[in-house]
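Take a look at the structure set out below.
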Amino acid sequence: MSSLQPVRGTRDLIGDDQRRYRHVTDTARHVSGLYGFEEWQTPIFEDTGVFSRTLGETSDVVTKEMYTFTDRGGDSVTLRPEGTAAVCRALVSNGLTQSLPLKVFYAGPMFRYERPQKGRYRQFHQIGIELIGPAEPLADAEVIACGWQILTALGIAESVTLEINTLGDTDSRTAYRAALVAYFTRYATSLSEDSKARLERNPLRILDSKDEGDRKIVADAPTIAAHLTPLAAGFYDSVRNSLTALGIPFVENPRIVRGLDYYNHTAFEFVTTQLGAQGTVMGGGRYDGLVRQMGGPETPAVGWAAGIERLAMLIAEPQGEAAPIAVIPAGDDAEAAAFGIVQQLRQGGIRADIGYKGNLRRRMERANKAGARAAIILGSEEAARGVAQLKDLVSGTQSEVSLDALLEAVRALPAGTPA
Ligand code: ATP
Ligand code: MG
């Protein structure tokens, strides 16, 4: 029988992969906590409408990437492709729209039917934050600052660039949309099929096209700057001033529109050149209309999401656990006493292990291979006297220690990793 393989675009997280994953989520959880964000967990699948009605009917996610299926009860459900719509749904369904402002952090798997490649998977993972309630541009800066601090804490701030843009308010967008339609109509025959469809329904989305031909046309497209209302221009000024005041470096990129329909005003991405085509590690912006689309009241909000896999590829190898203590019975009749010791060490907060098989030499070999900090060797005669040998595997020194004093002796070992 042929062995079963993981589904295309999914991965097992084992060893270094899992350590990296955990380091990214732990760091993000910790830093977002400093900013007052509290973790939420929403279900991994939702009513399809949560996404199809809000992400935009011409968005890549809705048109071709969603894992949507009819369940046994005949309901259409979708594995969540992103977190923001789900958080807004949860805000409304839990009656929290009157308890604002709210600061939400989440971490977990997302699902998109995409062509798998480096940094792009069908089950991938995101961390994200949402600041729901404040309409002030300072909130946009706070959300970006939190993202920046997470990237800094991960040691990758140097390898990413913050790019920002504004998508304006409704009036700015209406004016800009007209300008884009006029421009792209002149090149309509050269646009990709996807972008031809977007021209009618959402011309802004063409700016986000990954098609090579489209990108050449996009390069000379008008930018929103000339179409911003004074209000939208003022909002953008405030965001930029706040970022400067906070010492967060950024560049402006008028081509950032973000892939989903619900954004207005600020849009931003942290990008890197180190991951090939999958260069966006974190992306977000303001989405003042989304909660209302979800059936709640008009509620301003701003947030971002970041791909854990892409972050995990950029960070340095995280530190593993502290080196363990190996407990080694010398002879079968010391086995029970050795198990008692390993248990005592663990209950004392020391990482310790005991092998199940083999003679003294084999077990010593295994302890060294496991990178043990020290070995506790226990013979039956010694067990009877209430002592054991403590062998420091870094310095090589060995001494007899009373079993009562063992925990203290292990704690007193100088820090060090075996060669
Ligand atoms: P891209 O342009 O790379 O497709 P996106 O605009 O679709 O990204 P968002 O919806 O903004 O991405 O998601 C936020 C982040 O999640 C991205 O910046 C990226 O780091 C990560 N991400 C998105 N899709 C995937 C995927 N299929 N595999 C791995 N990470 C992903
Ligand atoms: Mg995408």
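Exceedance of the 23 Å cut-off in Cα-Cα distance is limited, within the set 64/210; 118/196; 64/118; 103/210; 64/196, to 118/196; 103/210. Counting every alpha-carbon pair across the chain, the share separated by more than 35 Å comes to 43%. Only Cα pairs under 8 Å and at least 6 apart count here; give the relative contact order of the chain as a rounded whole percent. Rounded, it is 16 percent for the chain. Its alpha carbons give region 1-107 an Rg and a Dmax of 17.2, 58 Å.
In this label model, residue 152 and residue 245 are separated by 1.7 nm, measuring between points 7 Å along each Cα→Cβ vector. Close amide H contacts of residue 252 (hydrogens built in the peptide plane, cut-off under 5 Å, sequence separation of 5 or more or a different chain): 164.
Each peptide among 281-288, 155-162, 8-15 gets the average number of other Cβ atoms lying within 10 Å of its residues, and from highest to lowest they stand as 281-288, 155-162, 8-15. Across all Cα pairs in region 341-419, the calculated P(r) in 10 Å bins from zero up to the longest distance comes to 18, 55, 27, 0 percent per bin. Evaluate the Debye formula for region 316-376 with equal point scatterers sitting on the alpha carbons, no solvent, and hand back log10 of I(q)/I(0) at q = 0.21, 0.26 Å⁻¹, in q order, two decimals. Taking Cα atoms of region 316-376 as identical point scatterers yields -0.78, -1.09.
Using a Förster radius of 45 Å, what is the FRET efficiency between residue 138 and residue 351 based on their Cβ-Cβ separation? Nearest 0.05, please. Working from the Cβ atoms, E equals 0.50. Axis angle, to the nearest 10 degrees, between helix 335-347 and the longest C-alpha principal axis of the chain: 40 degrees. How high is the FRET efficiency between residue 408 and residue 317 when r is their beta carbon distance and R₀ equals 30 Å, given to the nearest 0.05? Plugging the Cβ-Cβ distance into 1/(1 + (r/R0)^6) gives 0.40.
Subtracting the Cα-Cα distance of residue 415 and residue 255 from 0.36 nm times their residue separation leaves 52.4 nm of extension gain. Computed extension length for residue 395-residue 293: 30.2 nm, one decimal, from 0.36 nm per residue of separation with the Cα-Cα distance subtracted. Here's how it looks for residue 266: its modeled amide H is under 5 Å from those of 167, 286, which are all 5 or more places away or on a different chain. Remark on residue 67: its backbone amide H falls under 5 Å from those of 79, 113, a criterion applied only to residues 5 or more positions apart or on other chains, H modelled at 1.01 Å from N. Going by a ≥ b ≥ c, the root eigenvalues of the Cα gyration tensor, does region 85-164 fall in the rounded group (a/c under 1.5), the prolate group (a/b larger than b/c) or the oblate group? Oblate, because a/c is 1.5 or more while a/b does not exceed b/c.
Computed from the coordinates by the stated procedures, all read-outs in this text should not be read as laboratory data. What you are looking at is a predicted structure, and each value in this text was computed from that prediction instead of being measured. No Cβ is skipped: glycine too gets one built from the backbone with ideal geometry, and neighbour counts run over all protein chains shown.
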